[in-house]
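Enquirer: Below are the structure tokens for one structure; questions will follow.
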Amino acid sequence: MELSLAHPALKAFMCGSVSGTCSTLLFQPLDLVKTRLQTLQSGMQPGSSRVGMMTVFLSVVRTERLLGLWKGVSPSFARTIPGVGLYFSTYYSVKQHFFQDRNPGPLQAVLLGGGARAVAGVVMLPVTVIKTRFECGRFSYRSVLGALRSVCVTEGPAALFSGLMATLLRDVPFSGIYVMFYSQAKAALPQEIRSSSSAPLANFSCGLASGVLASLITQPADVVKTQVQVNTQLRTAEAIRHIYREQKLQGFFRGAVPRALRRTMMAAMAWTVYEQMMAKFGLKS
């Protein structure tokens, strides 16, 4: 079947997968640094000197060489390529069903973005767990499939869904907030900009602003999610108490800078590439 004859939802899946692949490859080092920050800080004693983003970055390069910054890129690809594709195909299908002739309002955009992310987040959670473990440096998995088998044998299949609540509390609000601000910011652009050759750059700028806000709001849930997936004995409520006991409120914002940089740049790039590819297919994104 020719690509031009493919179902629109399949085209949206392919556009999302391509956009997610590009953004993951570029920004994987930021995700690794963020995960290392969140897991290293949990073992520090109160009053000890703070470990910052550049300290972790240089430590990884020194001990694991430059390519060490891309540790965990295999599970990232395994999660992102189908995950972002599923997100955008779900988003496109629901939007076309309910908002074919009009743009969604702010609250509707929150529900649309959050719903699409919930579907992708639940389906891809097992790979997300493996990705987090790869990045933290505490586990010696050799491959994604080997890691999945190891977790199932040693901890049981339920361990592959550890951090489900924290993941949904992070990803669903992030996507809902992001889509709301992104769609509203795009709609506020003058028509001459939206129809000009600088439209992709303008859309990317809207994505950056939306991503920063959404990242900061959902940062505490990301810290909790990382702790639950790395420390298998913790549950969500226990992880919250553990983080607060060791680092107080500031502990919920560990890794905020690299995560905000990564999520903001990834989301802005993914949406820009997705929309440009959908336009090439003659589809309204």
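Enquirer: Tell me, which helices (runs of 4 or more DSSP H) lie completely within segment 170-285 with 2 or more residues that are free of Cβ contacts under 8 Å to residues at least 40 places away in the same chain and in contact with a helix residue (DSSP H, G or I) (Cβ under 7 Å, 6 or more places away or on another chain)?
Expert: 199-230, 236-247
Enquirer: Starting from residues that are closer than 24 Å to Gln276 by Cβ and in a loop (DSSP other than H, G, I, E, B), keep the ones in segment 82-108 and report whichever is most open to solvent (accessible area, probe 1.4 Å).
Expert: Among those residues, the one meeting the criterion is Asp101.
Rundown of residues vs (1) open to solvent by less than 20 Å² (accessible area, probe 1.4 Å); (2) out of contact with any His (no Cβ under 9 Å at 6 or more places or on another chain); (3) at pLDDT 90 or above, yes/no style:
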{"site": "Ile240", "(1), (2), (3)": "no, yes, yes"}
{"site": "Gln250", "(1), (2), (3)": "no, yes, no"}
{"site": "Pro258", "(1), (2), (3)": "yes, yes, no"}
{"site": "Thr264", "(1), (2), (3)": "yes, yes, no"}
{"site": "Val273", "(1), (2), (3)": "no, yes, no"}
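Enquirer: Here is a further query. Inside segment 114-125, can you point out the residues that are out of contact with any Phe, Trp or Tyr (no Cβ under 7 Å at 6 or more places or on another chain) and either among the aromatic types (Phe, Trp, Tyr) or open to solvent by 20 Å² or more (accessible area, probe 1.4 Å) (or both)?
Expert: Within segment 114-125, Gly115, Ala118, Val119, Val122, Val123, Met124 meet the criteria.
Enquirer: Against the definition (open to solvent by 50 Å² or more (accessible area, probe 1.4 Å) and part of a helix (DSSP H, G or I)), how does Leu111 come out, yes or no?
Expert: In short, yes.
Enquirer: Can you tell me which of (1) buried (at least 20 other Cβ atoms within 10 Å of the Cβ); (2) without any contact (Cβ under 8 Å) to a residue 40 or more places away in the chain; (3) not small (Gly, Ala, Ser) is the one Thr154 doesn't meet?
Expert: (1)
The values are calculated or read from the model by the stated rules, or taken from the named source; none is laboratory data. From a predicted model like this one, the values you see are computed outputs, not experimental measurements. Here Cβ is always computed from backbone atoms with ideal geometry, including for glycine, and neighbour counts include all displayed protein chains. We work out accessible area using only protein heavy atoms, side chains counted, and drop any ligands, DNA or RNA first. Shrake-Rupley method; radii C 1.70, N 1.55, O 1.52, S 1.80 Å.
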